[in-house]
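**Q** Dropping a structure here in structure tokens format, bear with me for questions.
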Amino acid sequence: MSEEILKSTPLEDRHIALGARMVPFAGYNMPVQYEGVLAEHKWTRASAGLFDVSHMGQARITGEGAIATLEALTPTDFAALKAGRQKYALLLAEDGGILDDWMVSRPEAEGFFLVVNAACKDQDFEIIADAIADDENGPPDELEDVEFEVLTERALLALQGPKAKDVMRELCPAACDMYFMDCGTFELLGETAFISRSGYTGEDGFEISFPAERVGDLWDELLSSPLVKPIGLGARDSLRLEAGMPLYGHEMDAGYTLVEANLGFAMQKSRLERGDIRGIDRIRAQLGGDLARVRVAIRVLAGPPAREGAKILDGDGEELGVVTSGVPSPSLGVSIAMGYVPPAFSAIGTAVQLEVRGKPYAAEIVSLPFVANGYHRQPKS
Amino acid sequence: MKFTKDHEWVRVEGAEAFVGISLYAANALGDVVFVELPEMGKTVKQGDAFAVVESVKAASDVYAPVSGEVVAVNDDLPNAPETINAVPEAGGWIAKIKLSDLSELDGLMDQVAYDAYLDTL
């Protein structure tokens, strides 16, 4: 057996110097925690947590055919995405299965900026390159003018929490004018930064794409604020689960569709009407009610945490499905989980049981998110 | 106090022994948020998984460091699992076992040997 050679982010030395416990994650040597998952989780909910997410893939698609390329792969209406806005998008397989989930920003009038999951990035970038090369995937004329660039020289930080804006106001005040899911190009420490007002914790916050060679300076600058602490992947997972956000490889993979994963919002009505979506027949059938399972949120009433793989049972002990993520919620003090059950058992308030170490424990289907989000949304006019 | 390679500790008092997880194990596990205690009166064999401690991230089995009958459990732990992080080798004890085979103790490490063992990890 050969030992896995782990890749590093530009901040690896800093994580180690801060005393982080490092673990292999998606092929990278990543910090799972610094002072402890509970403390880091609570700090992010109360102040501002700084996450190194440089392992994620970043890319840019520009040119006349950029929209056609992205729409050939996702069920998103990218033509309707305004400059300065961001969308959550799903990369679909030909049969409608989910191959990855992306954050796609449109920081300027032309061109799209993608952030993709670390474990999926090689696959995703190959699929995009193939789509551009393959004239059969769309009208050749539309796809001729497309530039696709993988941004290997950029790192990515996420600053998350109710006080993230107070920290950002000192460094890049203009970025604080953005609302949730806005994005833009800003000057930060003399460099060009692509910043979005989003994240994956349910909190207000920013994701900052920054030149890899200078990201250490930005990391140090952000951590110099008493409001900011470094946060590892452990708390990132418990935060996103409390926020009800599905994670690729857990709630989603090629075996699930967006209907089953309860991610219908990632498919625009205009695209559904046009019908030019991968796996459209399967998606339409499921929307029409031919659905065997659906993603739900589950709260354990009393008992141990139910982790990924735990069986979800009905009141009689019959197996309904399986837990895809589970964690003792640091904010709520009870255990929470997401998983899949038949639609008949998905109503809020339905009593179920979760099996942990062979014993069933009472639980119920609840609404998402588990913890209310703190997004800085644009006031409705 | 004696230790196992799986990072449990044993403190013998007469024919009975308090058992728990070592400071090293508590630190490695991180914040303990749930403890599943063994049942009172249960007979355990050395090496049996007899309790579970869970952090936010993961569940970990605790293996019985000695064979015998569980004669007491630390009832405070379910309500205050963080005690295991705070004082793992004292107030964070998990159970008290009535020893059925005293010779098993000879196979465990003393503090010096355990510290040396930790250096090899």
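**Q** Could you check region A:108-130 and list, in sequence order, the residues that are surrounded by 22 or more Cβ atoms within 10 Å (Cβ to Cβ) and more than 20 Å from A:HIS55 (Cβ to Cβ)?
**A** A:PHE112
**Q** Can you tell me which residues in region A:307-335 are under 19 Å from A:HIS41 (Cα atoms), out of contact with any helix residue (DSSP H, G or I) (no Cβ under 9 Å at 6 or more places or on another chain) and assigned to a loop (DSSP other than H, G, I, E, B)?
**A** A:ARG307, A:GLY333, A:VAL334
**Q** A further question follows. Restricting the search to region A:82-106, which residues are surrounded by fewer than 21 Cβ atoms within 10 Å (Cβ to Cβ) and either over 19 Å from the mean Cα position of the chain (by Cα) or among the small types (Gly, Ala, Ser) (or both)?
**A** Selection gives A:LYS82, A:ALA83, A:GLY84, A:ALA93, A:GLU94, A:ASP95, A:GLY97.
**Q** How many residues are surrounded by 19 or more Cβ atoms within 10 Å (Cβ to Cβ) and within 14 Å of chain B (Cβ to nearest Cβ) when one looks only at region A:308-330?
**A** Count: 8.
**Q** Follow-up. Provide a single number: the residues in region A:171-218 that are surrounded by 18 or more Cβ atoms within 10 Å (Cβ to Cβ), touching a residue at least 24 places away in the same chain (Cβ under 8 Å) and of a type in the set (Phe, Trp, Tyr).
**A** Number of matching residues: 4.
**Q** Being facing chain B (nearest Cβ under 10 Å) and in contact (Cβ under 8 Å) with a residue 24 or more places away in the chain is the filter here, so list the residues in region A:33-58 that pass it.
**A** A:GLN33, A:GLU35, A:VAL37, A:LEU38, A:GLU40, A:HIS41
**Q** Would you kindly identify the strands (runs of 3 or more DSSP E) lying entirely within region A:1-81 that contain at least 2 residues that are surrounded by 17 or more Cβ atoms within 10 Å (Cβ to Cβ), modelled with pLDDT of 95 or more and touching a Ser or Thr at 6+ places or on another chain (Cβ under 7 Å)? Please lay out each step first, then the result.
**A** Working: elements: A:21-25, A:28-33, A:48-52, A:57-62.
Because the criterion is at least 2 residues that are surrounded by 17 or more Cβ atoms within 10 Å (Cβ to Cβ), modelled with pLDDT of 95 or more and touching a Ser or Thr at 6+ places or on another chain (Cβ under 7 Å), the strands (runs of 3 or more DSSP E) in region A:1-81 that meet it are A:28-33, A:57-62.
**Q** Starting from residues that are in contact with a helix residue (DSSP H, G or I) (Cβ under 9 Å, 6 or more places away or on another chain) and in a loop (DSSP other than H, G, I, E, B), keep the ones in region A:291-306 and report whichever is nearest to A:ALA235 (Cα to Cα).
**A** In this case the residue turns out to be A:ARG293.
**Q** Give the residues of region B:1-51 that are in contact with a Phe, Trp or Tyr (Cβ under 6 Å, 6 or more places away or on another chain) and among the β-branched types (Val, Ile, Thr), sorted by residue number.
**A** B:VAL44
**Q** Looking at A:GLU260, A:GLU242, can you tell me which residue is acidic (Asp, Glu), crowded, with 19+ Cβ neighbours inside 10 Å and more than 16 Å from the chain's Cα centre (by Cα)?
**A** Every option except A:GLU260 fails the conditions.
**Q** Could you check B:LYS96 against (1) touching a Gly at 6+ places or on another chain (Cβ under 8 Å); (2) assigned to a strand (DSSP E or B) and say which number it fails?
**A** (1)
**Q** Has region B:71-78 got any residue that is modelled with pLDDT under 95 and not basic (Lys, Arg)?
**A** Checked against the condition, which is being modelled with pLDDT under 95 and not basic (Lys, Arg), region B:71-78 yields at least one hit.
**Q** Could you list, in sequence order, the residues of region A:130-169 that are assigned to a helix (DSSP H, G or I) and at pLDDT below 95?
**A** The answer is A:ASP130, A:ALA131, A:ILE132, A:ALA133, A:ASP135, A:GLU136, A:ASN137, A:PRO140, A:ASP141, A:GLU142, A:LEU143, A:GLU144.
**Q** Could you look through region A:332-366, keep only residues that are in contact (Cβ under 8 Å) with a residue 60 or more places away in the chain, farther than 22 Å from A:ALA292 by Cβ and under 26 Å from the mean Cα position of the chain (by Cα), and pick out the one that is surrounded by the fewest Cβ atoms within 10 Å (Cβ to Cβ)?
**A** Among those residues, the one meeting the criterion is A:LEU332.
**Q** Can you pull out every residue in region A:223-235 that is more than 11 Å from chain B (Cβ to nearest Cβ) and either within 15 Å of the chain's Cα centre (by Cα) or more than 12 Å from A:GLU203 (Cβ to Cβ) (or both)?
**A** Correct list: A:LEU223, A:SER224, A:SER225, A:PRO226, A:LEU227, A:VAL228, A:LYS229, A:PRO230.
**Q** Can I ask one more? Considering only residues that are in contact with a Lys or Arg (Cβ under 8 Å, 6 or more places away or on another chain) and either among the β-branched types (Val, Ile, Thr) or more than 10 Å from chain A (Cβ to nearest Cβ) (or both), look in region B:13-60 and name the one that is surrounded by the most Cβ atoms within 10 Å (Cβ to Cβ).
**A** Ranking the qualifying residues of region B:13-60, first place goes to B:VAL19.
**Q** Report, by residue number, each residue of region A:266-299 that is farther than 19 Å from A:THR76 by Cα and under 24 Å from the mean Cα position of the chain (by Cα).
**A** Answer for region A:266-299, where residues must be farther than 19 Å from A:THR76 by Cα and under 24 Å from the mean Cα position of the chain (by Cα): A:ARG293, A:VAL294, A:ARG295, A:VAL296, A:ALA297, A:ILE298, A:ARG299.
**Q** Would you check which residues across region A:343-361 are outside any loop (DSSP other than H, G, I, E, B), out of contact with any strand residue (DSSP E or B) (no Cβ under 6 Å at 6 or more places or on another chain) and among the small types (Gly, Ala, Ser) and list them?
**A** A:ALA344
**Q** Testing A:ALA261 on (1) in a loop (DSSP other than H, G, I, E, B); (2) without any contact (Cβ under 8 Å) to a residue 40 or more places away in the chain, one condition comes back false. Which one is that?
**A** (2)
**Q** If the requirement is being in contact with a Leu (Cβ under 8 Å, 6 or more places away or on another chain) and under 27 Å from A:LEU233 (Cβ atoms), which of these qualifies: A:GLY49, A:GLY19?
**A** A:GLY49
**Q** Looking at region B:76-83, can you tell me whether even one residue there is surrounded by fewer than 17 Cβ atoms within 10 Å (Cβ to Cβ), touching a residue at least 12 places away in the same chain (Cβ under 8 Å) and within 14 Å of chain A (Cβ to nearest Cβ)?
**A** Of all residues in region B:76-83, those surrounded by fewer than 17 Cβ atoms within 10 Å (Cβ to Cβ) come to B:76, B:78-80, B:82.
Then drop every residue that is not touching a residue at least 12 places away in the same chain (Cβ under 8 Å), which leaves B:76, B:78, B:82.
The next check asks that each one be within 14 Å of chain A (Cβ to nearest Cβ); those that pass are B:78, B:82.
Looking through region B:76-83, at least one residue is surrounded by fewer than 17 Cβ atoms within 10 Å (Cβ to Cβ), touching a residue at least 12 places away in the same chain (Cβ under 8 Å) and within 14 Å of chain A (Cβ to nearest Cβ).
**Q** A further question follows. Grab the strands (runs of 3 or more DSSP E) fully contained in region B:1-86, keeping just those with 3 or more residues being within 11 Å of the chain's Cα centre (by Cα).
**A** B:8-13, B:16-21, B:49-55, B:59-63
**Q** If you take the residues of region A:263-307 that are under 30 Å from B:ASN79 (Cα atoms) and of a type in the set (D, E, K, R), which of them is nearest to the other protein chains (Cβ to nearest Cβ)?
**A** Out of the qualifying residues, it is A:ARG307.
The values are calculated or read from the model by the stated rules, or taken from the named source; none is laboratory data. Remember, it's a predicted structure, so these values are computed and weren't measured experimentally. Cβ sites come from the backbone with ideal geometry, for glycine too, and all protein chains shown count toward neighbours.
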